1. Since residue 185 meets every condition but one in (1) modelled with pLDDT under 75; (2) more than 27 Å from residue 145 (Cα to Cα), which condition does it not meet?
2. Which condition number in (1) within 30 Å of residue 75 (Cβ to Cβ); (2) surrounded by fewer than 15 Cβ atoms within 10 Å (Cβ to Cβ) is the one that residue 39 fails?
3. Residues that are modelled with pLDDT of 90 or more and out of contact with any strand residue (DSSP E or B) (no Cβ under 9 Å at 6 or more places or on another chain), at least 2 per element: which helices (runs of 4 or more DSSP H) completely within the stretch 257-358 meet that?
4. Would you mind finding the one in 206, 166, 157, 194 that is in a helix (DSSP H, G or I), under 19 Å from residue 96 (Cβ atoms) and modelled with pLDDT under 90?
5. Could you grab me the full set of residues in the stretch 278-295 that are buried (at least 23 other Cβ atoms within 10 Å of the Cβ) and within 17 Å of the chain's Cα centre (by Cα)?
6. If residue 9 passes every condition in (1) at pLDDT 75 or above; (2) under 30 Å from residue 113 (Cβ atoms); (3) buried (at least 17 other Cβ atoms within 10 Å of the Cβ) but one, which one does it miss?
7. Quickly run through the stretch 69-95 and pick out the residues that are in a loop (DSSP other than H, G, I, E, B) and over 20 Å from residue 158 (Cα atoms).
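The values are calculated or read from the model by the stated rules, or taken from the named source; none is laboratory data. Keep in mind that what you see is a predicted model, and the values were worked out from it rather than measured. A quick note on method: Cβ atoms are made from the backbone with ideal geometry, for glycine too, and the neighbour counts reach across all protein chains shown.
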């Protein structure tokens, strides 16, 4: 199970740069047409280019999930599985989306991994990995993805997305979806649950209903609120935070503004239940506000989503409300730090090597 989790995280990590390129391009071109009123063939072509990249993301995700398990020979079969998941090749079958891409990547990876153990004549050993395994596994993945996966997971994926779309369209229930997505992003600060929520957003990104951009806006509080609130709280209630936590505050606030949730980790290490609990409450309320008002954005991460928001005042209000609630809870729950405790926490922090990445 741990190997599978690591493979999925590898797929997400390699997928994110493509998401950033496509998302920022969509936001950039949309800004020109929506706010500046500039329409040209160049802008339209650039926007279309971004959507082409977006359509390839499930294939990229699956390719690198497979790579994490079976190494380089698994990339092509994994890519094939992800591509079929997003673009069914058999009439009457449905796209299985990121769930199908995940399955396709795992199947390709493990088929390659175990195919390497098959004994072949020594004369064929040199081309086994470069020729036979990619081709044969590629064919196997094609048939598995084109038929059973498309007919089962594809229909399940369609059912889930349609129900989520329906949920988002009901004002009395839409806020729940926003709260759940945002809380998932806040709960583990860039970890697996965060990635699952983001994966759902990308899975419905290009849905004709527009839910992709609405779901995208809903996760912004979960991405921004945690780091912003811990940073602000440590500057307001300095008697409750160690000198190291106060020194980290400006970096945490800046990280929150640009959507780097991982900046919260050093604070959560010291008091995980209180910090994560406060973040979840504020972020979920912010996400609920976003979804309840149907705010959408094509922007990617942090303040970069503001210019493309369909309702900028409500977008900012959702973030601010989430930050205020979480900051208040952080200050209320935090106990004053004594000199002895501060020294102990400083020593504890030195045990960790935290690398903050986007």
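1. Exception for residue 185: condition (1).
2. Going through the list (1) within 30 Å of residue 75 (Cβ to Cβ); (2) surrounded by fewer than 15 Cβ atoms within 10 Å (Cβ to Cβ), residue 39 breaks only (1).
3. Filter on the stretch 257-358 gives 272-292, 312-333.
4. Answer to the selection: 157.
5. Of everything in the stretch 278-295, those that are buried (at least 23 other Cβ atoms within 10 Å of the Cβ) and within 17 Å of the chain's Cα centre (by Cα) turn out to be 283, 284, 287.
6. Against the list (1) at pLDDT 75 or above; (2) under 30 Å from residue 113 (Cβ atoms); (3) buried (at least 17 other Cβ atoms within 10 Å of the Cβ), residue 9 comes up short only on (3).
7. The answer is 71, and nothing else.
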